[in-house]
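Below: the structure, in structure tokens.
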Amino acid sequence: MDKPTRLLHAGRHPERYHGAVNVPVFRASTILHSSIAAMEASSHTPFEGVRYGRFGTPTTFALEEAVAALEGGTHCVATSSGLAAITGTLMALLQAGDHLLMTDSAYAPTRNFCDHVLARLGIETTYYDPCLGAGIAALIRPETRLIFTESPGSLTFEVQDLPAITAAAHAAGALVAIDNTWGVFHFQPFTKGVDISIQAATKYIVGHADAMLGTITTADKALWHRIKSSAAAFGHSAGTEEMYLGLRGLRTLPVRLAQHGATALELTRWLESRPEVARVLYPPLPSDPGHAVWARDFSGGCGLFGVILHPVGKAAIDAMLDGYQHFKLGYSWGGFESLVIPTTGGAIRRTATPWAPEGPSLRFHAGLESAADLRADLEQGFVRLAAAQ
Ligand SMILES: *Cc1c(COP(=O)(O)O)cnc(C)c1O
């Protein structure tokens, strides 16, 4: 079966639910046990079967099964947000005295967690150049337990060479995790040697800007058990309604993503030709520095890209952004609407590599509006930019 077909079926078991097409929302904390013997038996395998709401209900297991299929893994842990999936992974795999290699292009709250929580616990983080590929080997120490990657990077869109990084990590006995939110359907982490793949399911999996949800997936049951045990110890779990929305979003992910990607490609090609634009950050563009690795490792793109403008004053940028009709001002991405945020002024923090854009930078999400409407919106924005200069 092709992947979109598989994703229509993954995690569903209509025969268990009177033929209902979708897995029902199970609202449960208490699960009743039929006898003391059954209660005792379930406590020996706390993560198998339905035992207590926090450990998972049939809705949870359906989502975990479906996301494992999406990622090409075998086991998954659902969490209350993408950030909880990231911190849940870090806390499961690291302890005092351990060393973490973290990409310099990480999602800002990931960096914040390393600098403020892991540091307090005696776990040292070294940030590395996202583009160093096999050169990561020189940074691995005997106490390095985990290499954390995100590809393309948040806001700056560097594509990482995962096969090279995972080869170096495994030669040294370290694990590799990826924040695979951008690559959601088009990057298959486990075929590239990745051990743990994280989704901010809040973005494209939920797909409608109406729920917070995260997932941690592995292709190794023992590793999953380690992560699940730690996540359970911290009390991680995901909301029932949110998981239902994640499952529902997943069914249409391939078609939505095809549209987001086609529109983003059209818009970025046009933006590249504009005199106001210094550079467009979108790996599917042949001009992008990460294009070759992207073309080798990804089967497609999505709606999220960056734009660096030639130097221009803040008032002009504000006039451009304030007047957009379709590109709304808002954090997050992956929903049906187009969004934009400015990424200048401290939004991008670097410690291992310089980040020196030619001028102000922006991040756009191409939604499901028509590409023609979105292009007209951008065009009008440039008119306001010129008028305000
Ligand atoms: C949004 C995002 C997250 C965090 O997800 P939440 O569900 O908002 O906590 C993590 N990584 C990336 C790349 C993101 O864009």
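The values are calculated or read from the model by the stated rules, or taken from the named source; none is laboratory data. Here the structure is a predicted model, which is why all the values come from computation and not from measurement. With ideal geometry, Cβ positions are generated from the backbone for all residues, glycine too; neighbour counts draw on all protein chains shown. Side chains included, ligands, DNA and RNA excluded: accessible areas come from the protein's heavy atoms. Shrake-Rupley method; radii C 1.70, N 1.55, O 1.52, S 1.80 Å.
Here the accessible area is traced with a 1.4 Å probe on the protein chains. For the stretch 2-131, carbon and sulfur cover 56 percent of it. Each label was represented as a point 7 Å from its Cα along the Cα-to-Cβ direction; for Gln325 and Thr74 these points are 5.4 nm apart. About its Cα centre, the stretch 254-388 has a charge dipole of approximately 360 debye under the convention of +1 per Lys or Arg Cβ and -1 per Asp or Glu Cβ, with nothing else charged. As a fraction of the 1.4 Å probe accessible area of the stretch 254-388, surface on carbon and sulfur atoms comes out at 57 percent.
Summing +1 for each Lys or Arg and -1 for each Asp or Glu among the other residues whose beta-carbon sits under 12 angstrom from that of Glu150 gives -2.
Summed over qualifying helices (DSSP H, 4 residues or more, each -39500 (n - 2.57)) and divided by its residue number, the chain shows a 222 nm mean residue ellipticity of -11000 deg cm²/dmol.
Solvent-accessible area per residue for the stretch 254-388 at a 1.4 Å probe radius, Å²? Averaged over the residues of the stretch 254-388, the accessible area is 44 Å².
Per residue, the stretch 1-151 exposes an accessible area of 46 Å² to a 1.4 Å probe, with every protein chain left in place. When each of the peptides 32-39, 99-106 is scored by how many other beta carbons lie within 10 Å of its residues on average, the order from highest to lowest is 99-106, 32-39.
For the chain, the share of alpha carbon pairs falling in successive 10 Å distance bins from zero is 5, 23, 31, 24, 13, 4, 1, 0 percent.
Can you list residues whose amide H is under 5 Å from Val277's amide H, if they're 5+ apart or on another chain and H is modeled 1.01 Å from N? For Val277, whose amide H was placed from the backbone, the distant partners under 5 Å are His310. In the stretch 279-368, Rg over Rh equals 0.98, where Rg is the alpha-carbon radius of gyration and Rh the Kirkwood radius from pairwise Cα distances.
When only Cα pairs under 8 Å and 6 or more residues apart are kept, what is the percent relative contact order across the stretch 7-145?
Reported relative contact order: 19 percent.
Normalising the average separation of contacting C-alpha pairs (under 8 angstrom, six or more residues apart) by the number of residues puts the relative contact order of the chain at 17 percent.
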